[in-house]
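What follows is a short report on a single structure.
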C-alpha cells in the first residue's frame, strides 16, 4: 500500500533503515506507550493511554450487503433531512417543512424549473457506462493496522467517579511546552497529572485532551528513537466505518451544507451546458452529487449528459467495503430513477500523480473540478521542493474548467511551529466536539466511535508527526485564496440564495451554528469559531 494511502489514516511507517525495529504481535502504539510509562500512569483511573475502551462500543454490525443496500436506498429520498428524525426533537410538521426547504435548495431558481424529479419512466431509461481505471503500477497491498485506542483490554476507569476539575487546557499546554524544549522529567510528571483529568466520555476538552495526550506520547517516542512508528489502527468493519462516517455527516451539518454550497455554484456555472464532466478528487461515497443530479434532471430544457470521474483513496474504499463499483451502482440507479444519462469512471490514483491523460477530457464537455476535504492532504513547498499542492492546482487550471470548488477545514496547522499547532488543534477540535454534544449524549457509544474512528486519528497525526509523515496540513481560507489566485483562478461567488437556505436549515439544528459570507466564500462554524470553508473558482 502506498505511503500516502496509509497516511490518510494518520499512519507513519518505519523507515527502510530501521527494519530491525519490529512490533511483535502487532503491539499497538499505546500499548508500547503504556509499558514505558507504566510507573506513572498505572494508578490513573481515567487515562486513555493505559487501558481499552469498551469492547462492545461499536455500533452493532449488520450484513454488509444489507447495510449498503439500505444506505443506497436512502440517497434517493429527495433532499433527505436525517437529523430531524434521529437527532433533533422536532415535530412532524417541522420535519416536513425542512424537507420542502431543502428540496428547493438545489432546484433551479427559475419557476419553470421547479418540476418533480421523482418520475421513473418505464421506457427510454438512459444507460450508465461504468469503467474502472487503475493507476499504472499501483499496488493493492493490504496492511493490518492496530488503532492506538482499540486494544482488547476493557477500560476500568469508565465507571469510576470523576476526579476534581482542573484547568485541563493549561495542563495540556504545559505538557506540550515541556516536550517541545526537551524537559523529559517535567513532561513525564505533567503527563501523569494530565492523564488523571481526561476522559473519552467527558466534556469536550476532556475528550480532546485524551487524544491529544496520545499525540504527545507518540511524538515523545518518535523523537527519542528517531524512528517513524506506525500509528496502528485496527479499522472497524467497512459497514461499521460507513455508519460512523454517516453519523458524523449528520451530526456535524457544516459538512453536509458545505457540499450544498459548492453544488449550488456548479449548478449555476453549468446551467446551460448539454455535456458535463465532473472530476471529484475525493469521491468517497459519492453522496455529494445526489442533490446536484436531481437538480440537473429537473432542468426545463432537459437533463444534460453527465460524466463523473471519481478519484479514490484507501479510507473511502474501506468505508464502502468495496472499490468504486458501489459508487457506480448508486449512480446507475439514480440515472434510471431520474431519467438522466450518467457515465461513471473510477480512478485509483494519488491526487498529485493524476495527469490530463488519466482524466480522458473530451471535446465539447463543460468541466467542473471538486476538491472536498482533500487538498490539505497534498504536500506543499514546506514538505516537498516540487510543491505538489500548487502543482496540482496548476494542472487543473490547464484543463480550463468552468468551475473549481473547494471545501476545507478552517484551521491553520500546515507550517505553524509545534506549540502554535498544538494550541490551534486543541481549540479547533474542542469546538467541534462541543457541537457534537448537541446531538449525541456524553455516554453515547456512537459518539465515542465517531470521534475515535473519524477524528482522533487526525488529532494524533497533527501533533505527533512532522515532515512527510504529517498528512493533516490544513490552511485558512486566505491561504487557499492566495494559492488559487497564483494558479490563475478568480473567485466565483457562491449563491446568496443558497446560503440563506443553508442558514435557515442550520437553525433547526442549533442556534449556535453560524454561516458567514466572506468575499464570495462561505464559512460554516459553531459560535465564534469557523470550522469549514466552502468556495468556488473559475
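Footprinting exposure proxy ranking of 455, 296, fewest other C-beta atoms within 10 angstrom first, gives 455, 296. Which residues does the label zone of residue 382 cover in the range 469-504, counting backbone N under 16 Å from a point 7 Å along Cα→Cβ? Under cut-off, by backbone N: 469-483. Summary of the geometry: the range 401-434 and the range 485-518, compared by the centres of their Cα atoms, lie 18 Å apart. Note on residue 538 and residue 177: with the Förster distance fixed at 30 Å, the Cβ-Cβ geometry gives a FRET efficiency of about 0.10. Note on residue 482 and residue 275: their simple-model spin labels are 4.0 nm apart, each label 7 Å out from Cα toward Cβ. Extension gain for the segment residue 438 to residue 184, taken as residue separation times 0.36 nm less the Cα-Cα distance, is 87.6 nm to one decimal.
Taking the number of other C-beta atoms within 10 Å as the exposure measure, put 376, 197 in order starting with the fewest.
Fewest to most other Cβ atoms nearby, the residues stand as 376, 197.
Full extension of the segment from residue 490 to residue 353, taken as 0.36 nm per residue of separation minus the current Cα-Cα distance, would add 46.9 nm. Taking other Cβ atoms within 10 Å as a rough exposure proxy, 383, 301, 407, 262 sort from fewest to most as 301, 383, 407, 262. In terms of its C-alpha gyration tensor, the range 363-456 has an oblate overall shape, because the principal axis ratio a/c (a ≥ b ≥ c, square roots of the eigenvalues) is not below 1.5 and a/b does not outweigh b/c.
The numbers here are math on the coordinates, done by the rules we state, and not lab data. It should be emphasised that the depicted structure is a prediction, and the values quoted were computed from it without experimental measurement. Every residue, glycine as well, gets a Cβ built from its backbone with ideal geometry; the counts of neighbours run over all protein chains shown.
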